[in-house]
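None of the figures in this text is laboratory data; all of them are computed from the coordinates on show. Not measured: the values here are computed from a predicted model. Quick reminder, even Gly has a Cβ in these numbers, built from the backbone with ideal geometry, and neighbours come from all protein chains shown.
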Amino acid sequence: MEHIEEIRQSIRAICASYDENYWRELDKTGGYPTEFVKEITRSGFLGCLIPEEYGGTGLGLVEACAVLEEISRSGGHPGAAHAQMYVMGCVLKHGSLAQKQKYLPEIANGTLRLQSFGVTEPTTGTDTTSLKTTARRDGDDYVVNGQKVWISRVEHSDLMVLLARTRPVEERTSKTDGLSCFIVELEGARENGLTIKPIDAMINHHACELFFDDFRIPASNLLGEEHKGFRVIMDGMNAERILIAAECIGDARYFTDKAVAYAKEREVFGRPIGQNQGVSFPIAENYARLEAANLMVEKAAQLFDAGLACGAEANMAKMLAADVSWKAGDTCLQTHGGFGMSREYHIERKLRETRLYQIAPISTNLILSYLSEHVLGMPRSF
Ligand SMILES: Cc1cc2nc3c(=O)[nH]c(=O)nc-3n(C[C@H](O)[C@H](O)[C@H](O)COP(=O)(O)OP(=O)(O)OC[C@H]3O[C@@H](n4cnc5c(N)ncnc54)[C@H](O)[C@@H]3O)c2cc1C
């Protein structure tokens, strides 16, 4: 598709000003890519999923995937900004007209950042429907108490979509009943009962622990129906999985490009190392796997854009793409020998970054469990 190639070229042109040294420096200092995020927003790409009536460019997930894939392929780290694309989808699909009019135009023009998704809790982890943070209705507010963990970019965001329990577990009508979503305005939140503690982690993802102590959210910021918040986040999750799969494809292409270039250029025993099939075959095998994974990402994105069911494809795309990006990264490091370990070559940073995607936003085991039960009809495991 011609317009996809144009998008790719525009992203490559932007990324050329934010080279691998830019990202390495941020990784070293724990910095946030503020200038990059501003530019990618100003150019309309971060808001590409926001409809034109709200100031966005009104494109689809296929186009959004091309944006994130190219950022990854250039050596950048789209994880710094990607959440804006899929969290916004929750507001677009489930927000009231007033919420959409209030937030979406400012998200599209970059005045507001919606970069944060508050779901995971320390004691319940993957078992989301057991989460314990409560939101109790009190007059015109909800009062939130509890704890979240691994909430990315919360210190670099103006808004967060939060999932909390509004009905006690013992009163819920189904496993997913009793949870509600809220749009949290983060300005002034620290003075209002929210404590934010950054986590010292393996990658520069700005993830934090959150502690809510009688934290008040206006009832008008309830997103979607009360007690039906699980549905709201599920809608964002398919988009999240497909977009992250596209990032992994970008990572796999980055590692493959690098490995090929080095295999052709590095000479040992008087010939290029790539002349040894022990070096070239793993790179070629990863290439085949990456092209296959890419087909699944494209299929999932096309189904999503057509408004069709895409749960299985979104999960498979995420699993296959995360697997190949990790394998391609490992091969790339091996191809570089000792130099692969040097930070100067950037491979170790990208390898750390891409490793996350076998754990988050959903781990490989949970994807296999979904496929076993919902696609293949085997007995439910949990
Ligand atoms: C850098 C980073 C950023 C993150 N950003 C966010 C964010 O912005 N917002 C947010 O809400 N969350 C975020 N997360 C959380 C992430 O989504 C969770 O870490 C992930 O869902 C796994 O949950 P857990 O860590 O509690 O693992 P657990 O649920 O404790 O699982 C541990 C291991 O056991 C396996 N396991 C558990 N149950 C089963 C089972 N029934 N069958 C088979 N295997 C099982 C899992 O696959 C996993 O490998 C982030 C995490 C990281 C590391």
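Counting each DSSP H run of 4 or more residues in the chain as -39500 (n - 2.57), what helix-only mean residue ellipticity at 222 nm follows after dividing by all residues, to the nearest 500 deg cm²/dmol?
-15500 deg cm²/dmol
Over what distance in Å are the Cα centres of the range 42-118 and the range 197-262 separated?
Rounded to whole Å, the Cα centres lie 13 Å apart.
Run the dipole for the range 214-340 about the Cα centre, Lys and Arg Cβ at +1, Asp and Glu Cβ at -1, nothing else charged, and hand back the magnitude in debye, nearest 20.
Here the size comes out at about 320 debye.
Counting other C-beta atoms within 10 Å, which of GLU35, GLU121 has the fewest, and how do the rest follow?
Result, fewest neighbours first: GLU35, GLU121.
I want the local charge near ASP214. Using Cβ-Cβ distances under 14 Å, sum +1 for each Lys or Arg and -1 for each Asp or Glu among the other residues.
That works out to 0.
So what is Rg over Rh here for the range 173-219, counting just Cα atoms and using Kirkwood for Rh?
So for the range 173-219, dividing Rg by the Kirkwood Rh gives 1.08.
Treating the range 231-375 as a set of equal point scatterers at the Cα positions, no solvent, please give the Debye-formula log₁₀ I(q)/I(0) at q = 0.16, 0.21 Å⁻¹.
Here the Debye-derived log intensity ratios amount to -0.81, -1.16.
Pairs of alpha-carbon atoms within less than 8 angstrom and 6+ residues apart define the contacts here; what relative contact order does the range 231-375 have, in percent?
The value is 31 percent.
Once Lys and Arg get +1 and Asp and Glu get -1 on their Cβ, which of ALA309, VAL268, GLY340 lies farthest toward the positive end of the dipole of the range 231-375?
Toward the positive end, the furthest listed residue is VAL268.
Cα extents of the range 238-285 along the three principal axes, largest first, in whole Å?
Extents along the principal axes: 50, 16, 8 Å.
Given N residues in the range 299-359, what is its alpha carbon radius of gyration divided by 2.2 N^0.38 Å?
My calculation over the Cα atoms of the range 299-359 gives 1.47.
Would you kindly compute the Cα radius of gyration of the chain and its largest Cα-Cα separation (Dmax), both in Å?
Rg then Dmax for the chain, in Å: 21.2, 78.
More than 21 Å apart: what percent of Cα pairs in the range 200-297 qualify?
63
Taking 8 Å as the Cα distance limit and 6 or more residues as the minimum spacing, I'd like the relative contact order of the chain as a percentage.
Worked out over the chain, it gives 15 percent.
Dipole magnitude of the chain about its Cα centre, charges +1 at Lys/Arg Cβ and -1 at Asp/Glu Cβ only, in debye to the nearest 20?
660
Quick one: angle between helix 229-265 and the longest Cα principal axis of the chain, in degrees between 0 and 90, rounded to 10, please.
10
In which sequence would THR354, THR128 go, from the one with the fewest C-beta neighbours within 10 Å to the one with the most?
Least crowded to most crowded, the residues run THR128, THR354.
For labels at LEU308 and THR111 in the simple 7 Å Cα→Cβ model, what's the distance in nm?
Each label point lies 7 Å from its Cα, and together they span 4.0 nm.
Roughly how tilted is helix 61-73, in degrees to the nearest 10 and between 0 and 90, from the longest Cα axis of the chain?
The angle comes out at about 50 degrees.
Sort out for me the Cα centre separation of the range 284-322 from the range 1-23, rounded to whole Å.
The two parts, judged by their Cα centres, are 22 Å apart.
Calculated FRET efficiency, GLU53 and GLU191, Cβ-Cβ r, R0 30 Å, to nearest 0.05?
E between GLU53 and GLU191, to the nearest 0.05, is 0.30.
How do ARG42, ARG253, ARG231 rank when sorted from fewest to most other Cβ atoms within 10 Å of their own Cβ?
Going from least to most buried by this count: ARG42, ARG231, ARG253.
Plugging the Kirkwood radius over Cα pairs into Stokes-Einstein for the range 114-226, at a temperature of 20 °C and a viscosity of 1.002 mPa s, what D comes out in µm²/s?
After rounding, the answer is 151 µm²/s.
Which residue, PHE281, PHE182, PHE269, tops the fluctuation ranking in a GNM of the chain built on C-alpha contacts under 10 Å?
In the Gaussian network model the winner is PHE269.
Using a Gaussian network model of the chain whose springs link C-alpha atoms within less than 10 Å, name the residue from GLY75, GLY329, GLY193 with the highest mean-square fluctuation.
Result for the chain, Cα springs under 10 Å: GLY193 fluctuates most.
With axes computed from alpha carbons, what is the tilt in degrees of helix 277-305 against the longest principal axis of the chain, rounded to the nearest 10 within 0 to 90?
On a 0 to 90 degree scale, this one is about 30.
Once label points are set 7 Å from the Cα along Cα→Cβ at both ALA261 and GLU344, what is their separation, rounded to one decimal in nm?
Using points 7 Å along Cα→Cβ, the separation is 1.5 nm.
Can you give me the Rg/Rh ratio for the range 1-160, using Cα atoms for both radii and the Kirkwood formula for Rh?
1.01
Who wins for biggest fluctuation among VAL324, VAL232, VAL279 in a Gaussian network model of the chain, springs between alpha carbons below 10 Å?
Between VAL324, VAL232, VAL279, it is VAL279 that shows the largest mean-square fluctuation.
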